[in-house]
Each structure stands twice: as structure tokens, then as C-alpha cells.
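To start, the structure under review is shown below, and the notes come after it.
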Amino acid sequence: MLSRVGQGLAVVVAVAALAGLGIFGYSNERDIRQAEYATGDSASHDGVELDVTVQRVDPTARQLAVVLLAHPRGRYAENGDPLVPARELVIDTTSLSQGSLKFPAGDRIVAQTVTIGLDTGVFTDYPFDHYTTTIGFTAEMAGQPVAVDMVFRNYDPLFLIEPTGAAGQAGGVAADLRFSRTGGTFILALFLMAAMWVLALSVLGASVVLVRHHHGLVYPALGWMAATLFALVVVRNAVPGSPPIGSLFDYAAFLWAEAVIAVSVGGVSVHGMVVEHRRGGITAT
């Protein structure tokens with residue numbers, strides 16, 4: 001009785017410890033996701049603050065979707081309103097598809113979506129892929145450079161942002177950024193890779209047992225093996241981030257698992273037909 005109680009308590013403690021570890025990991029990553037980074041000339045009373053939010057990292061198109069909101073301050077803001085420039089405000093970006101953003105004097109500034117290209121990174125390295133880019137902006141008002149500072153953050157649920165360098169100069173600001181997979185995405189991808197190998201080796205082990213004991217066509221076992229073959233395709237398509245076929249994920253687990261299961265099913269089937277033929281007929285077991 002005591003041993004059963006002890007085992008139950010051990011299970012409860014183990015579950016609580018694992019859940020606590022998971023919550024701690026989530027809390028730590030949550031703080032990183034919510035972090036804001038600032039760079040540039042924030043000490044100047046007269047200038048422009050750029051609020052930059054990374055909405056989505058698109059490895060397929062090799063670009064970022066960035067929402068930019070400018071806040072003029074001091075003498076550059078009309079009547080002290082941080083959303084209305086006193087004169088025409090022109091912001092140049094490092095975007096390859098959008099050059100300059102113009103905000104007329106006296107009109108309310110609205111957020112603009114800008115696409116920034118990724119400089120480095122290979123999508124097929126998934127789940128170990130990471131990317132770098134440089135986000136830069138310059139500002140002018142009435143043809144004169146304006147002091148700029150930038151606050152940026154990342155809202156993409158699949159990537160974490162890490163600033164690796166920043167620079168500011170008269171009328172401009174830039175930041176070097178590195179994007180990597182979130183801990184949850186990385187752990188889930190590794191878990192799915194491990195699960196694929198476990199299922200493949202389970203099918204291989206079962207096929208070896210069937211062959212060694214000279215079983216015929218054991219249809220329940222064959223059905224399970226065949227179902228596993230196609231179930232892995234569904235699991236592969238559910239991988240977060242939708243990596244392309246031919247990724248490191250596939251070469252490390254998926255393709256091998258499919259090959260092992262297919263060979264196992266084929267081998268058991270051929271062996272079973274031979275055994276049934278020698279017995280004088282095919283019967284379900």
C-alpha cells in the first residue's frame with residue numbers, strides 16, 4: 001500500500017516538476033518576446049521617434065513585414081502633437097520595394113507597412129535556421145536632416161529578435177538584427193523528429209519479430225504499419241513554420257523514417273506471402 005502511495009506521489013512530483021520547468025521556460029521566453037529595444041538620438045528634444053514593429057518574418061520571400069509609425073517631437077511637431085508634423089516629413093528606409101515615406105505638414109501621421117529584405121539565412125536549415133538583416137531609416141524635414149531615434153520590437157510568434165549592433169548619425173539610425181526560432185518552435189520540431197524515429201524503429205522492430213517467428217500475413221500489424229507510413233506525412237505537414245520539402249528536418253528524420261517504414265512493410269508483406277503460400281493459402285491471422 002505504501003509503495004503504491006509512494007509511486008503515486010513520485011508521479012505527482014515528476015509531473016509538477018516538469019510543468020514548473022515548462023512554465024519557467026515559457027515565462028523566460030515571454031519576457032524576451034515582449035522586450036523593446038531602443039537606439040539612436042533619444043536625448044535630443046527636437047527630433048523624430050520611429051516606432052518599429054516587426055509583424056512577420058517570411059523566410060520564403062526572404063523579407064520582414066515591418067509597421068512604422070513616426071512621432072515628431074519638439075519644434076518638428078505641430079502644436080506639440082506627436083502625430084502631426086510641423087512641416088513635410090520625409091523618411092527614407094532600407095526597404096528595396098519602398099523608398100521614401102512622405103508625411104505632409106499638418107496631416108495626421110498613420111502607420112505604414114514596410115518590407116525589409118533578409119540579408120542572410122537559409123530556410124532549408126529548419127529548425128536550426130536563423131536570419132540577419134539591417135533596418136535603417138533617415139529623416140528629413142524641409143530638406144534638413146532630423147535627429148532620429150528608434151524603438152523596435154518583434155511580434156512574430158515563430159521568431160525571436162536579437163539586436164547585434166546599432167548605429168546612429170545625424171538624420172539617421174540603423175540596427176543589425178538576428179532572428180532565430182522560438183524555443184517552443186525549436187522544441188516541438190525536435191520532438192517531432194524524435195517521434196518519427198521512434199515510430200519508424202517501432203515498425204522495424206515489429207517487422208523483425210514477425211519475420212523471425214515466421215508469421216504469415218498478420219493484417220492488423222500490416223494495417224498499423226501502413227497507417228504509420230501515411231500518418232508521418234500528416235505530421236510532417238503540421239510542422240510549425242511550414243518548412244519546404246528537402247529541409248534539414250526531412251534529411252534528419254522524415255525521409256529516413258518513411259524509408260524504414262516502407263521497407264519494413266514491404267519486407268513483412270513479401271515474407272508473409274511466402275509463408276502463406278507454403279502453408280497452402282492466405283489466411284487472416
Please name all residue pairs, on different chains or six or more residues apart, with Cβ atoms under 8 Å, provided the first residue is in the stretch 134-149 and is in the same structural domain as G172 (by TED's automatic domain parsing) and the second residue is crowded, with 19+ Cβ neighbours inside 10 Å and aromatic (F, W, Y). I135/F152; M141/Y76; V146/Y76; V148/F137
Any idea which of (1) in a strand (DSSP E or B); (2) over 19 Å from the mean Cα position of the chain (by Cα); (3) hydrophobic (A, V, I, L, M, F, W, C) is the one M196 doesn't satisfy? (1)
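Among residues belonging to the stretch 174-193 that are of a type in the set (V, I, T) and in a helix (DSSP H, G or I), point out the one that is surrounded by the fewest Cβ atoms within 10 Å (Cβ to Cβ).
It comes out as I187.
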Subset of the stretch 128-159 (residues that are of a type in the set (A, V, I, L, M) and surrounded by fewer than 20 Cβ atoms within 10 Å (Cβ to Cβ)): A142, V151, L158
What number goes with the only condition from (1) touching a residue at least 12 places away in the same chain (Cβ under 8 Å); (2) within 30 Å of T60 (Cα to Cα) that I245 does not pass? (1)
Quick check: anything in the stretch 215-228 more than 25 Å from the chain's Cα centre (by Cα), assigned by TED's automatic domain parsing to the domain that holds E140 and either without any contact (Cβ under 8 Å) to a residue 12 or more places away in the chain or under 30 Å from Q63 (Cα atoms) (or both)? no
Assess whether D125 counts as being under 28 Å from the mean Cα position of the chain (by Cα), more than 17 Å from T53 (Cβ to Cβ) and either surrounded by 16 or more Cβ atoms within 10 Å (Cβ to Cβ) or at pLDDT 90 or above (or both). yes
Across the stretch 229-285, what is the total count of residues that are in a loop (DSSP other than H, G, I, E, B) and closer than 19 Å to L188 by Cα? 10
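Any residue at all in the stretch 87-98 that is out of contact with any Phe, Trp or Tyr (no Cβ under 6 Å at 6 or more places or on another chain), in contact (Cβ under 8 Å) with a residue 12 or more places away in the chain, farther than 23 Å from A175 by Cα and assigned to a loop (DSSP other than H, G, I, E, B)?
The initial filter retains those residues of the stretch 87-98 that are out of contact with any Phe, Trp or Tyr (no Cβ under 6 Å at 6 or more places or on another chain), namely 87-88, 90, 92, 94-98.
Then drop every residue that is not in contact (Cβ under 8 Å) with a residue 12 or more places away in the chain, which leaves 87-88, 90, 92, 94-98.
Filter once more, so that each one left must be farther than 23 Å from A175 by Cα: 87-88.
Imposing the further condition that a residue be assigned to a loop (DSSP other than H, G, I, E, B) reduces the set to 87-88.
The answer is yes; a qualifying residue exists.
The values are calculated or read from the model by the stated rules, or taken from the named source; none is laboratory data. Predicted, not measured: the structure shown is a model, and the values here were computed from it. Glycine gets a Cβ as well: all are built from the backbone with ideal geometry, and neighbour counts include every protein chain shown.
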